[in-house]
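Some notes on the structure that comes next.
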Amino acid sequence: MSMDKNNKIKILVIEDDPVITDFLCTGLKYEGYEVTSRTAGKAGLDALQQTTFDLIILDVMLPDIDGFEVCRRIRDRGSDIPILILTVKKEISDRVKGLDSGADDYLTKHFSFDELLARIRALLRRRGKISKNRKLQADAIVLNLETREVSRKGKRIDLTPTEFGLLELFMRHPHRVFTRETLLNRVLGYDYDGGTNIIDVHISHLRNKLGDRPPRLIRTIYAVGYAFYPEETGT
Amino acid sequence: MRVWDRLSLQARLGLLYAVLLIFSVVLVGCYSYWNIWQLFISNKSSHLRAQAKPIIEHWLIDNDLAKPDNPHLKLTHQNAFILARDLTSRNTVAIVLSRKGDIIANGKRLPEEPEAPIPDKQYFRRALSGENEVTYRSQVNGKPVLVMLIPLRPQPASSQIFGVIQISTLLTDIKEILFRHGAMLVSLVAIILILGIVTGFWLIGVSLKDLQGLLTSCHQISKGNFSQWVPVKNRRDEIGQLATSFNQMLEKLEATFASQQRFVVNAAHELMTPLTGLRGSLEVLLRGAQDDPSAMARLSKGMYKEVNRLIRLCEQLLGLSQLESSSNVHKQPIILSDFFNEFKADAQVLAGGRSLAIQQGPYVKVSADPDLLKQILFNLLSNALRYSPTETPVVIRWKLLPKQVEIQVSDQGQGMDAETLSHIFEPFYQGKATVVSGDKGIGLGLSLTKSMVEAHEGTIRIESEPGKGTTVSFTLPLE
């Protein structure tokens, strides 16, 4: 789902806690979204009138008007923009209230960022904002996310889960330079304690299986890490 | 005593009741038995006397002995025998005794007539001394007899006593009647006892039934089921009162439990927000933002703030729980003006460049914990600073009230509406006001402050008008 840089998906974050806002914006930007944030309900509604967004992440507890009210007002304007509500309360009544007021989905606070991303992707897919095709394609490499099958130039390649994860990450973010540390965290999990050398081993296996020869698709960036350069975009 | 203590209340009451019942019924039975016996005896003796009296009178006249001051008063075997014979019948025998106590004549002639008991000297002397009817019980051959001694004198009330007649009659018939009566009495007592004990146990059981209900409810409640109320049934007796006050206690317990639970939920929610910030920031960093120094710096600062907020929250929670025990409040005499002179420097640091006025009031000595007093003032001061524009002043002043002193912290900030004021002391409650300077609070400051003031036996109140400002006043006891 490589997308045009000028056609990034725009997300509006309405949240009053500065730290949560900060990590949401930073994290989402890293995932390739364009993020705007507002710290109050009315300011959020104003921002919606000035720009069109593809998705809203909305906190329930806001200093001026609460999230449910914001949701209702957005729906009253006839907008069907996907809304993801963040709530602290776990009570069912609150979830029902959120969904009744027009939200599409909710997450309780202490959510994991991965889950948030998955919910965002699901919401966007449902509205047709991103391709429903669960396949990634670059440089004659086809990665099927559902069957977890990989082929290059029509020839099937068997990858281990770690290698698959690495390739998926590279193909989702072409040109982006990943440090070994980041690759380790993203593919093997945040609580993996081993050294980063293991990443070099996995990359080497992946290159062999892909038949990746210089100039390589997966390049070593000296003293930093690795990056993925599909051929059609050139170097 | 151990066995007694282990018995159920019903068994104990029942036993006590049964013992009491047995004791009183047996007492009544014995008394009535004795009473009837006495009645029979007195009846018998008056019967004897009634029989004897005319016989003796006739005998006196017949033998010319009825004349007053008769110098020839003398008992002979002959005349004495006539008298004894006249007085003797099937159940009764009479003997005539001389003044010396010798038996002059014995009326017993036939074998079916009873034997006369040997005269008792003590009773004989009493009769001789003039007592008209000396009656006593004795035994002849193992059979009970009633003995009556009648002194012989020529005329009633004469002091010339020339002999004594002893009449004795068998009591076997009375004994027989009494035995029958006693048997009836015993069976009656037995019936009364059985009936009484059975109904007693039943009555006690009925009265204790509600107590049993209370006990069942207690068991339920001890398992954590607070909705199980004790049925009261409009009773006004002790059990009804017990049930009522038990229910009141339950209601209070339930409310306390609910508020405790609410507090825990609120505390957990309050912990959740900074934790979400921390977790999200860490995740974003680990996912790759760590490679970007500016993102790293920003997120680290945010995380640092969140950790501080968590620590502050924990400190206040600890503070609240510490105030629950008065042993953590160390009161000492404080001269208020001296205290504020010292406090001013600290307060100025908190206020930053803001205008802060401490208006000296009258000389007073209060009894307070200086650390807690400082914390109270810090809390109120930081609230005042947080919710008022930077160019407006914050004023601290105090005034003397009877037996206490009132300290006020006023600002000219945004104030609060009545709705906010009514909830302002609830833990974790935060009004809609926007923070002018500094961090957003946690919502524990004022409830903590209230607890601290109350730990000093003081009171706290807030007057506020939206748009005009807020004044918080609290009292401290004088030394």
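Explain nothing, just the number: relative contact order of the range B:2-179, from Cα pairs under 8 Å at least 6 residues apart, as a whole percent. Walk me through the intermediate numbers first.
Working: 243 pairs, mean separation 33.5, N = 178.
Answer for the range B:2-179 is 19 percent.
For the range A:135-233, the fraction of C-alpha pairs more than 16 angstrom apart is 53%. Measure nothing but the geometry: give the 0 to 90° angle between the long axis through the Cα atoms of B:293-323 and the longest principal axis through the Cα atoms of chain B, rounded to 10°. Roughly 20 degrees, rounded to the nearest 10.
Mind pulling up the Rg/Rh value for the range A:5-126? Radius of gyration and Kirkwood radius, both on Cα. Spell out each step's value before the answer.
Numbers: Rg = 13.1 Å, Rh = 14.2 Å.
Taking Rg over the Kirkwood Rh, I get 0.92.
The residue list A:Pro161, A:Ala140, A:Thr196 was ranked by how far each Cα lies along the charge dipole of the range A:135-233 toward its positive end, using unit charges on Cβ atoms, and A:Ala140 comes out on top.
Which value, to two decimals, describes the C-alpha radius of gyration of the protein assembly as shown once divided by 2.2 N^0.38 Å? List each step's numbers first, then the result.
On the way: Rg = 56.2 Å, N = 714, 2.2 N^0.38 = 26.7 Å.
Relative to the rule-of-thumb radius for its length, the protein assembly as shown sits at 2.10.
How many Å³ per residue does the convex hull of the Cα positions in chain B occupy? Could you put the intermediate results ahead of the total?
Values: hull volume 154.9 nm³, N = 479.
Spread over its residues, the Cα hull of chain B gives 323 Å³ apiece.
DSSP bridge analysis restricted to the protein assembly as shown gives an antiparallel fraction near 75%, rounded to the nearest 5. Taking amide H as placed 1.01 Å from N in the peptide plane, the amide H of A:Ile157 sits under 5 Å from that of A:Val150, A:Ser151, A:Arg152, each at least 5 places away or on another chain.
Filter the cross-link list B:Lys403/B:Lys468; B:Lys301/B:Lys450; B:Lys252/B:Lys331; A:Lys155/A:Lys209 down to pairs whose alpha-carbon distance in this structure exceeds 22 Å.
Over 22 Å apart, Cα to Cα: B:Lys403/B:Lys468; B:Lys301/B:Lys450; B:Lys252/B:Lys331.
Restricting the range B:126-234 to GluC sites (Glu not before Pro) that sit in a DSSP loop and have at most 16 other Cβ atoms within 10 Å of their own Cβ leaves B:Glu131, B:Glu133. Relative intensity of the range B:306-443 on a log10 scale, I(q)/I(0) at q = 0.19 Å⁻¹, equals -1.37, per a Debye sum over C-alpha point scatterers of equal strength in the absence of solvent.
Taking a cut-off of 15 Å between Cα atoms, list the aspartates and glutamates near A:Lys8, but don't count ones fewer than 8 places away on the same chain. List returned: A:Glu31, A:Glu34, A:Asp54.
In the range B:2-179, the C-alpha radius of gyration followed by the widest Cα-Cα span (Dmax) gives 23.8, 86 angstrom. Centre-to-centre separation between the Cα atoms of the range B:274-297 and those of the range B:120-197: 120 Å.
Computed over the range A:54-157, the percent of Cα pairs more than 25 Å apart is 36.
Take chain A, drop everything but the C-alpha atoms, weight them equally and run the Debye formula without solvent; then report log10 I(q)/I(0) at 0.09, 0.11, 0.16 Å⁻¹ to two decimals. Cα-only, vacuum Debye calculation for chain A: -0.46, -0.66, -1.12. The 3J(HN,Hα) values that the Karplus relation (6.51, -1.76, 1.60; θ = phi - 60°) gives for the range A:140-149 are, in residue order, 6, 9, 10, 10, 8, 6, 7, 8, 6, 9 Hz. Gly and Pro appear as x. Taking every Cα-Cα distance in the range B:44-111 and sorting them into 5 Å bins starting at zero, the pair-distance distribution P(r) comes out as 3, 16, 25, 25, 20, 8, 2, 1 percent. Adding -39500 (n - 2.57) for every DSSP H run of four residues or longer, then dividing by how many residues chain B holds, sets the calculated 222 nm ellipticity at -19000 deg cm²/dmol.
Highest GNM mean-square fluctuation among A:Ile221, A:Ile14, A:Ile120, for chain A modelled with Cα contacts below 10 Å: A:Ile221. Shown here for the range A:102-190: GluC sites (Glu not before Pro) in loop regions (DSSP other than H, G, I, E, B) with at most 10 other Cβ atoms within 10 Å, namely A:Glu146.
Values in this text are rule-based calculations from the coordinates and carry no lab data. Not measured: the values here are computed from a predicted model. Backbone-built Cβ (ideal geometry, glycine too); neighbour counts: all protein chains shown.
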